[in-house]
1. Phe49 fails exactly one of the following numbered conditions: (1) at pLDDT 95 or above; (2) farther than 16 Å from Ile122 by Cβ. What is the number of that condition?
2. Residue check: is Leu8 open to solvent by 50 Å² or more (accessible area, probe 1.4 Å), over 34 Å from the mean Cα position of the chain (by Cα) and either at negative phi or modelled with pLDDT under 95 (or both)?
3. For Ser103, work out the one condition from (1) closer than 17 Å to Asp249 by Cα; (2) without any contact (Cβ under 8 Å) to a residue 60 or more places away in the chain it doesn't fulfil.
4. Here is a list: Trp448, Trp474, Trp374, Trp426. Which entry is out of contact with any Phe, Trp or Tyr (no Cβ under 9 Å at 6 or more places or on another chain) and not hydroxyl-bearing (Ser, Thr, Tyr)?
5. Quick one: in segment 27-41, of everything that is open to solvent by 40 Å² or more (accessible area, probe 1.4 Å) and outside any loop (DSSP other than H, G, I, E, B), which residue is nearest to Lys494 (Cα to Cα)?
6. Here is a list of conditions, (1) open to solvent by 20 Å² or more (accessible area, probe 1.4 Å); (2) among the hydrophobic types (A, V, I, L, M, F, W, C); (3) touching a Phe, Trp or Tyr at 6+ places or on another chain (Cβ under 9 Å), and Leu195 meets all of them except one; can you say which number that is?
7. Check off (1) farther than 24 Å from Gly168 by Cα; (2) in contact (Cβ under 8 Å) with a residue 40 or more places away in the chain; (3) among the basic types (Lys, Arg) for Lys298 and give me the number that stays unchecked.
8. Could you identify the single residue in Asp259, Asp307 that is surrounded by 24 or more Cβ atoms within 10 Å (Cβ to Cβ) and among the acidic types (Asp, Glu)?
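The values are calculated or read from the model by the stated rules, or taken from the named source; none is laboratory data. Everything numeric in this text was worked out from a predicted model, so none of it was measured. Because the Cβ atoms are built from the backbone with ideal geometry, glycine has one as well, and the counts that use them run over all protein chains shown. Calculation scope for accessible area: heavy atoms of the full protein, side chains included, ligands and nucleic acids excluded. Shrake-Rupley method; radii C 1.70, N 1.55, O 1.52, S 1.80 Å.
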Amino acid sequence: MKKMRSILKISLLMAIFFQFSCTTKTPADLTQTAFIPKPVSVTATGGDFEISGTTIIYIQDGLQQTGAYLSGAIEKISGFTPEIVATKEAPANGIYLSLSASSPDLGEEGYEMTIGKKLITISATSPAGCFNGIQTLLQTMPVKAPAREKLHIPTGEIRDFPEYAYRGAMLDVGRHFFSVEEVKQFIDYMAMYKLNALHIGLTNDQGWRIEIKSWPKLSEIGGSTEVGGGPGGFYTQEQYSELVKYAQDRNITIIPEIDMPGHTNAALASYAELNCDGKARDLYTGIEVGFSTLCTGKEITYQFIDDVFGELAALTPGEYIHIGGDESHATPLEDYIPFVNRVQQIVLKHGKKVVGWDEIANATLVENSAVQFWDNVKNTTMALEQGAKVVISPAKKAYLDMQYDSTSTFGLHWAGYIEVDTGYNWEPLEQVPGIKKEQIVGIEAALWTETVSNMDEVEYLVFPRLPGYAEISWAAPNTRNWDEYKVRLGKQNKRFDALEIDYFPSARVPWEE
């Protein structure tokens, strides 16, 4: 009997031990979270905050959309749908989104986050700052947790703000068309890493992708094909507006590009009168560049541009319209310069600012314009001398369509191979001699789509390089270090796998098993 009591006692103690060990969680260290981009400062306090079915998101006025985004994100992760409650005072527990931050160095997009055991507070000066704080908070959680299982967030404090106001990615939908849902997916990937500008290439030799009601053949004919001869496609104005709104809800501004006077074969095939000889061109499905040009001497050309920019400007709340201007080899410089000068005035007429590839610096740039440096330092220097600002997009460092190496499945290599470390190890201020930080609008990584036709292929070229470009544009140069960054990047593979992202498994990254 005594022996039996001893056995029962031991069994009871073991049961208590296992119950305790299964329900007590050792708090994680917030400083060990693999944040990308790297925050300005992170401190840990050794506890954890618990998200459960009773968690409430409290919001100040003006943060309804931001609160709804966070609630939806938590629902996707855990199955819990936190209630959203408006408040004017800080609550005792829950998640609190506030516009009460007063620190001037936070700017428009910075934030402060305090994670306590009972309350998480994200404080900023604008909804954009709160949204960025939410993206950081989401990186403390798994992409997908067991349904309705409590989430544990390590406690601590984060203070954060970006190095550059413009942090962009470019998606070319002209060479291959991507559906509304696919572009939304690309926008979601950008939002994960606090990128805030989507430059979308709506036209090229191979396709015209936006409905222009005054020139309907542009989409009917020009949008009917793509590289390789596929069916192509285009966005109705309603679909484009849907993308603009979807991006805005994720703190992303869409910058549309209508490339000209070159890269215009799709338009030239749609309307014969845009050609100097009055003859419509055949549709083009190859990948060569530099052979097409609008007829710069015809008045109908400028009426066409006026109509296109007028309709597009009405649909685009962002401040820029991109006029292209690159690789216009078929347009003599004596025709190119007056063309760009006149086109800039049309952009201004419709209440927008001008941005174009660095070649437009050969013209007389209008006030508040920007050039996008991709290749030519001389052009970019001319732009600076005219008072323009610069978007930094060096093809040798930041073109996402460049292959990683000679074994890469997709991409080209005319600008060189860009392995993950090559894409990370560069400094924007060193790309154009003499350029100053205040002359840089921001950073943009560009994806041209000659070799990719679906999102799996896009993901292969975008990941894992995109997070690195996000960090270059967000984090201060003296905080960036490849050997430290690659460890954080290596831990992102769990997120990539959970999101079913088909990334390139670079051997230069220590991927976490």
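1. (2)
2. yes
3. Looking at each condition in turn, Ser103 falls short on (1).
4. After applying the criteria, what remains is Trp426.
5. Per the criteria, the residue is Gln32.
6. (1)
7. Evaluating Lys298 over (1) farther than 24 Å from Gly168 by Cα; (2) in contact (Cβ under 8 Å) with a residue 40 or more places away in the chain; (3) among the basic types (Lys, Arg) leaves (2) as the failure.
8. On inspection, the qualifying residue turns out to be Asp259.
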